[in-house]
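Below: the structure, in structure tokens.
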Amino acid sequence: QDNSFEQFIINYCNEKLQQIFIELTLKEEQEEYIREGIEWTHIEYFNNAIICDLIENNQTGILAMLDEECLRPGTVTDDTFLEKLNQVCATHQHFESRMSKCSRFLNDTSLPHSCFRIQHYAGKVMYQVEGFVDKNNDLLYRDLSQAMWKANHSLIKALFPEGNPAKINLKRPPTAGSQFKASVATLMKNLQTKNPNYIRCIKPNDKKAAHIFNEALVCHQIRYLGLLENVRVRRAGYAFRQAYEPCLERYKMLCKQTWPHWRGPARAGVEVLFNELEIPEEEFSFGRSKIFIRNPRTLFKLEDQRKQRLEDLATLIEKIYRGWKCRTHFLLMKRSQIVIASWYRRYA
């Protein structure tokens, strides 16, 4: 019920993960259709980049304001931090505060004076500012680190490497918020270089009981996980896409004109293949470098035909091999019979 600095940075990480989910699914999906020259009606979806910017912007972000308060000389309290947020973020559409100059929230009794509220992608979350400054400072006195580094116990010494006199840094240690922000940036950079797969888990009820489905809870999760937009894009788009070369290589045995070798361009080979198989034109589209198949059933049908064709080819190979083996054995027996007969006639 009471969200503080810890929950704030956890929700910030969730926002960044949701952002990369949008980047790698919804946005990239639609951009690929445009890039491949596929006719496409753009589907609107909520991009939470504006919320991430509210938190992490280097000049006007909440973390930047918090660090600025922690480094500012003079009396610094959680209330002065909230006042600064009210000055900088008051006009932001995803920021709410009772103390801000925005008249929308002056009479909002559900929002205490010592709190601020953020409209996250998953819904509104209210944060208590009490403890934000102290938790963000996360200061460890330098002489304490040096004392712990001098301990005889190897584990304790290893836990305080900053106490090593050879590595003394007179600069102020980084705040907890800036460290977490840097860690999240590293995580995002790592994920961008990968091809991540997502598994979205829906909690059916709050009782952790079987066979109970809370419709309101399930619908709420589906909305804030962005699944509705994802389903709309997937249903309007194409379920499967593949470059022409591997597609032709995989299914060329289904067409006499492309099997066993196709001498022309791969795209032309795929066109001949799909025309031969009489696949409806509305089920596929030709991009600049890929073939797009709309319905999974079409792909399943291709796979079934390929499986059957492979079985037929295996039977054909087996038949030819058995014929060759029997003929070889027959010719050997025939030659042997001729030799035996000739020797028999000579001595008869």
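The values are calculated or read from the model by the stated rules, or taken from the named source; none is laboratory data. Since we're looking at a predicted model, the values are computed, not measured. Every residue, glycine among them, receives a Cβ derived from its backbone with ideal geometry; neighbour counts consider all protein chains shown. Areas reflect the complete protein model, heavy atoms only, side chains present, ligands, DNA and RNA absent. Shrake-Rupley method; radii C 1.70, N 1.55, O 1.52, S 1.80 Å.
Tell me the residue from 250, 235, 288 that is open to solvent by 70 Å² or more (accessible area, probe 1.4 Å), in contact (Cβ under 8 Å) with a residue 60 or more places away in the chain and either closer than 30 Å to residue 51 by Cβ or not small (Gly, Ala, Ser) (or both), please.
Exactly one residue qualifies, and that residue is 288.
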Where a residue in region 206-230 is surrounded by 10 or more Cβ atoms within 10 Å (Cβ to Cβ) and its partner, wherever it lies, is in a loop (DSSP other than H, G, I, E, B), with Cβ under 6 Å and at least six apart: 212/205; 214/205; 218/202; 221/202; 224/122; 225/200; 229/45
Scanning region 1-32 for residues that are surrounded by 18 or more Cβ atoms within 10 Å (Cβ to Cβ) and among the charged types (D, E, K, R) gives 15, 16, 29
Sort out which residues of region 291-313 are among the polar types (S, T, N, Q) and open to solvent by 60 Å² or more (accessible area, probe 1.4 Å), and write them in order of number. 305, 308
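Could you list, in sequence order, all residues of region 33-42 that are open to solvent by 20 Å² or more (accessible area, probe 1.4 Å) and either part of a helix (DSSP H, G or I) or of a type in the set (Asp, Glu) (or both)?
Within region 33-42, 34, 35, 39 meet the criteria.
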Closer than 16 Å to residue 185 by Cβ and either of a type outside the set (S, T, N, Q) or touching a helix residue (DSSP H, G or I) at 6+ places or on another chain (Cβ under 7 Å) (or both): which single residue out of 36, 56 fits that description? 56
Which of the residues that make up region 204-250 are assigned to a helix (DSSP H, G or I) and among the hydroxyl-bearing types (Ser, Thr, Tyr)? 224, 244
Those residues that are out of contact with any helix residue (DSSP H, G or I) (no Cβ under 8 Å at 6 or more places or on another chain) and either surrounded by 12 or more Cβ atoms within 10 Å (Cβ to Cβ) or farther than 17 Å from residue 309 by Cβ (or both), I need them from region 266-278; list them, please. 268, 271, 272, 274, 275
Search region 30-50 for residues that are closer than 13 Å to residue 237 by Cα and touching a residue at least 12 places away in the same chain (Cβ under 8 Å) and pair each with any residue that is assigned to a helix (DSSP H, G or I) and basic (Lys, Arg) when their beta-carbon atoms are under 9 Å apart and the residues are at least 6 apart or on different chains. 43/232
Sort out which residues of region 276-289 are more than 27 Å from residue 30 (Cα to Cα) and not hydrophobic (A, V, I, L, M, F, W, C), and write them in order of number. 276, 278
Whichever residue in region 290-322 is part of a helix (DSSP H, G or I) and aromatic (Phe, Trp, Tyr) and, among such residues, is farthest from residue 29 (Cα to Cα): 321
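Condition check ((1) polar (S, T, N, Q); (2) out of contact with any Lys or Arg (no Cβ under 7 Å at 6 or more places or on another chain); (3) under 24 Å from residue 176 (Cβ atoms)) across all residues:
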| residue | (1), (2), (3) |
| --- | --- |
| 14 | yes, yes, yes |
| 28 | no, yes, no |
| 38 | no, yes, no |
| 45 | no, yes, no |
| 54 | no, yes, yes |
| 64 | no, yes, yes |
| 68 | no, yes, yes |
| 82 | no, yes, yes |
| 113 | no, no, no |
